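The values are calculated or read from the model by the stated rules, or taken from the named source; none is laboratory data. Quick caveat: nothing in here was measured; it's all calculated off a predicted structure. In this analysis, Cβ positions are derived from the backbone assuming ideal geometry, glycine residues included, and neighbour counts consider all displayed protein chains.
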Amino acid sequence: QVQLVESGGGSVQPGGSLRLSCAASGSIFSINAMGWYRQAPGKQRELVATITNRGRADYVDSVEGRFTISADYAKNTVYLQMNSLKPEDTAVYYCNARLRTDWRDRDYDYWGQGTQVTVSS
C-alpha cells in the first residue's frame, strides 16, 4: 500500500507565505514525478506544479514566480513554497505522486487526502 501524507496548510493574509510538505510511504519501487494540485469550491481540480525525479519543474501560469516546488526523492517528499499568496489561491491542495510499486508494472497516480489553504484578510 502507498500513502501520501500532507502537512503545512492553514490560513494566511494576502501577501503571506505557507509551505506545504508531502511524504510518500509504503511499497514504492520508484517515483517518476510528484506534484501539487488544488481545487477551489465549485471549480475543477487544477494542476499547480510538478517536479520530475530529474528535477524538471513546471507551474501553472497563475503561480509562476510566486510558488516554488522542490523534492527530495531520497525521502520521497515534495514541498511547495507559496509566497505572495492571493485570495484566489484559496483551495484544498492535493499532493500527487506518479509511481510504481513493482518494476514490472507501469506508473499509477496516488493522491494525498488534501490540505486546506485559505488566504483572507
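If Pro41 passes every condition in (1) within 22 Å of Ser120 (Cα to Cα); (2) surrounded by fewer than 17 Cβ atoms within 10 Å (Cβ to Cβ); (3) modelled with pLDDT of 95 or more but one, which one does it miss?
If we test Pro41 against (1) within 22 Å of Ser120 (Cα to Cα); (2) surrounded by fewer than 17 Cβ atoms within 10 Å (Cβ to Cβ); (3) modelled with pLDDT of 95 or more, just (3) comes out false.
Within the range 92-120, track down each residue that is assigned to a loop (DSSP other than H, G, I, E, B) and either closer than 17 Å to Val78 by Cα or among the small types (Gly, Ala, Ser) (or both). It would help to see each step written out before you state the result.
So the first thing to find is which residues in the range 92-120 are assigned to a loop (DSSP other than H, G, I, E, B), and the list is 101-107, 112-114, 120.
Scanning the range 92-120 gives Gly112, Gln113, Gly114, Ser120.
Does Val63 satisfy the condition of being aliphatic (A, V, I, L, M), closer than 20 Å to Arg45 by Cβ, in contact with a Gly (Cβ under 7 Å, 6 or more places away or on another chain) and surrounded by 14 or more Cβ atoms within 10 Å (Cβ to Cβ)?
So Val63 fails the test.
Could you please find all residues in the range 67-89 being in contact with a Lys or Arg (Cβ under 9 Å, 6 or more places away or on another chain) and either part of a strand (DSSP E or B) or among the β-branched types (Val, Ile, Thr) (or both)?
Correct list: Tyr79, Leu80, Gln81, Met82.
In the list Val119, Val78, Val60, which residue meets the criterion of being of a type in the set (Val, Ile, Thr) and touching a helix residue (DSSP H, G or I) at 6+ places or on another chain (Cβ under 6 Å)?
Val119
Starting from the range 71-93, take each residue that is touching a residue at least 40 places away in the same chain (Cβ under 8 Å) and list its partners that are surrounded by 18 or more Cβ atoms within 10 Å (Cβ to Cβ) and charged (D, E, K, R), counting only C-beta distances under 6 angstrom and pairs at least six apart or across chains.
Going by the 6 Å Cβ cut-off, the qualifying pairs are Ala91/Arg38; Tyr93/Arg38.
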